[in-house]
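Values quoted throughout were computed directly from the atomic coordinates according to the rules given, and no laboratory measurement underlies them. Predicted, not measured: the structure shown is a model, and the values here were computed from it. Cβ placement follows ideal geometry from the backbone for every residue including glycine, while neighbour counts extend to all protein chains displayed.
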Amino acid sequence: MPALESVTAAAAPQPFGHYAQATVTPDGTIWVSAQLPVGGGVRADAPPAEQARQALANVLSIVESAGESAESVAKVQLYLTEITAWEAVDAVFAEVFGDHRPARAVLQVAGLHHGFRVAADAVARRGRTERSDGRR
């Protein structure tokens, strides 16, 4: 079985522990680890929308380091400490992804590392494969 490929994005925060920013499986699936909104001057007391924007920017930076773009993202999971922030975070999600609509889950969690209120992870796919019916 071929080894997993680790992905490192200089523009995203480096891991705080023993894990990769993302791994790519032999079939081209890109598994992006959960990203806190670290970077861009965002602090733990920033509004959830600002935190979501930075967390998603970190995710997309990693996807881009794997050679893909936002359009390759198949699923995103958002972790919120305040589910009441859903509407503001959803607006940021729409802004970031535009016409592309990946599958998504929004989960309320009791807390996140460093006191942040939003985190995001994702699954993306390398390359576009043609389906048996000839469509992409």
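Can you work out the FRET efficiency for the pair Asp99 and Tyr19, with r the C-beta to C-beta distance and R0 = 35 Å, to the nearest 0.05? Once the sixth-power term is evaluated, E becomes 0.65. The long axis of helix 48-65 is offset from the longest Cα principal axis of the chain by roughly 30 degrees.
If each DSSP helix of 4+ residues adds -39,500 (n - 2.57) and the sum is divided by the residues in the chain, what number results at 222 nm, nearest 500 deg cm²/dmol?
On the way: 2 runs with 30 residues, N = 136.
Rounded to the nearest 500, it is -7000 deg cm²/dmol.
Relative to the current alpha-carbon distance between Gln77 and Ala91, full extension at 0.36 nm per residue lengthens the span by 3.5 nm. The C-alpha atoms of the chain define a longest principal axis, and helix 86-97 lies at about 40 degrees to it.
Could you give the dipole magnitude of the chain about its Cα centre, charging the beta-carbon of Lys and Arg +1 and that of Asp and Glu -1, in debye to the nearest 20?
220 debye
For segment 32-75, the square roots a ≥ b ≥ c of the C-alpha gyration tensor eigenvalues yield an a/c of 1.5 or more together with a/b exceeding b/c, which makes the shape prolate. Subtracting the Cα-Cα distance of Ala44 and Ala3 from their residue separation scaled by 0.36 nm leaves 11.1 nm.
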